[in-house]
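Q: I have a structure here, written as structure tokens, and I will follow up with some questions on it.
The values are calculated or read from the model by the stated rules, or taken from the named source; none is laboratory data. Please read these numbers as outputs of a predicted model, since none were measured by experiment. Accessible surface is based on the protein model in full, side chains and every heavy atom, while ligands, DNA and RNA are left aside. Shrake-Rupley method; radii C 1.70, N 1.55, O 1.52, S 1.80 Å.
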Amino acid sequence: MYGNAYIDPLDKATQILANEDPLKLEAFESRILQGEKVEPNDWMPKEYRKQLIRMIEQHAHSEVIGALPEGTWITRAPGFRRKLALMAKVQDEMGHAQLLYSAAETLGKTREAMINDLISGKSKYSNVFNYPAKTWADTAVIAWLIDAGAIVNQLANSKGSYGPYCRALERICIEESFHLKYGHDNVVYLATGTPVQRAMVQDALTRWWPPIMHFFGPSDKISSHTEILMRWKVKMASNDEMRQQFLNMYVPKIWDLGLTLPDQNLKKNEATGLWEYTEPDWEEFKRVINGDGPCNAERLAVRRGAEENALWIKRALLQKDAKYVTPLA
Ligand code: FAQ
């Protein structure tokens, strides 16, 4: 469940922090206010640790599962150069997961526990990766716009408070910027190609738009973690602020290509500077992030299969260790 509308956020924060040492908490919050980084061995409130593990772990899982929709197109990429580029992108995403799992491990949860929580369905990962990549154009839209959304989010949060996460995000953003260029190049190629290519990219964009609007998280009115995460500078902008920034940067670029978006109400209000749009379907969002999207079962089955298939390697490594370690012990 998310978005408990009946608890005042201030009361909620007071309840959560009731058992913390007030002096330590005050010192911690004053460091954060001054823009200092928190490092793994520093004192931190239990809730800060818990929230960071949740968020970084979900992010790491998103990179692993995020490699799947595009990964299915490696064998069908149109031409050798596109295939090479896509393979490199998918490898990068797995590298991001490695960086993020390492950052989450600094907070005390083992990688094994995180993987188990992913494949058992306990942990969440980004909504967008529970939709199918039906055509090659879907991979173009993912690489351009989902990577763009990820950069909006991660560039802001790389200026946040937890050192290991911020350093991982900085490196990830550099690679994601290259993915974005690759995706943009693909979309432009299709949008300026034959009528069939143009129709294919328009169709992909129309299908991906609702999940992309969900990508930034529920609206601020119903987001449950934003308040405390922004207080501790883990999140540097709210979900709605990130969504607005994305719309501001990318809607004009999409329209410039002559492509359309499936929202009649989408327009910039020049007086407020804010984009107006039809409220995303948060019921669908809830269903998808809680396991009932079009591809959730398939995605987790692939990961479960990967773990099972790699079990013999783990066993072999452990036996190898046993062989060399035991005689010396
Ligand atoms: N999908 O209270 P809030 C990528 C959940 S990386 C699924 O607003 P919060 C790279 C949320 O966990 C993409 N679940 O939550 C790539 C919570 O549930 P819980 C991933 C979502 O944490 C590109 C509940 O809803 N990026 O794309 C989503 O304050 C191309 C309430 O929500 C990150 O993970 C969602 N979209 O804000 C790879 C960045 N949104 O845990 C391959 C780090 C919300 O209480 C190809 N994370 N929920 O059960 C964040 O910045 C934040 O966690 C948000 C959500 C902004 C995602």
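Q: So what is the relative contact order for the chain, in percent, with contacts set as C-alpha pairs under 8 Å and at least six apart?
A: 20 percent
Q: For the chain, what does the accessible surface come to per residue with a 1.4 Å probe? Please give it in Å².
A: 52 Å²
Q: Further question: Amide H of residue 162 versus every other amide H placed in the peptide plane: which residues, excluding those fewer than 5 positions away on the same chain, fall under 5 Å?
A: Residues meeting the criterion, in which the H sits 1.01 Å from N, are 38.
Q: What helices in the chain pass both tests, a Cα length along the helix axis of 24 Å or more and a mean Kyte hydropathy of -0.5 or higher, using whole DSSP H runs?
A: Length and hydropathy pass: 80-105, 163-191, 195-215.
Q: Turning to a different aspect of this structure: Rounded, prolate or oblate, given the Cα gyration tensor of the stretch 9-168, with a/c below 1.5 counting as rounded?
A: Working: a/c = 2.55, a/b = 2.27, b/c = 1.12.
Prolate.
Q: Rounded to the nearest Å, what's the spacing between the alpha carbon centres of the stretch 199-247 and the stretch 278-305? Just the number, please.
A: Between the Cα centre of the stretch 199-247 and that of the stretch 278-305, the gap is 16 Å.
Q: Follow-up question, since we're still on this one. Going down the list 12/50; 89/122; 12/235; 124/235; 50/233; 109/314, which pairs span over 21 Å between their C-alpha atoms?
A: From 12/50; 89/122; 12/235; 124/235; 50/233; 109/314, over 21 Å: 89/122.
Q: Could I ask something else about it? Which percent of the accessible area of the chain is formed by carbon and sulfur heavy atoms (probe 1.4 angstrom)?
A: Accessible surface attributable to carbon and sulfur in the chain totals 58 percent.
Q: Please identify, among 275, 209, 144, the residue showing maximal mean-square fluctuation in a Gaussian network model of the chain using a 10 angstrom Cα cutoff.
A: Answer for the Gaussian network model of the chain: 275.
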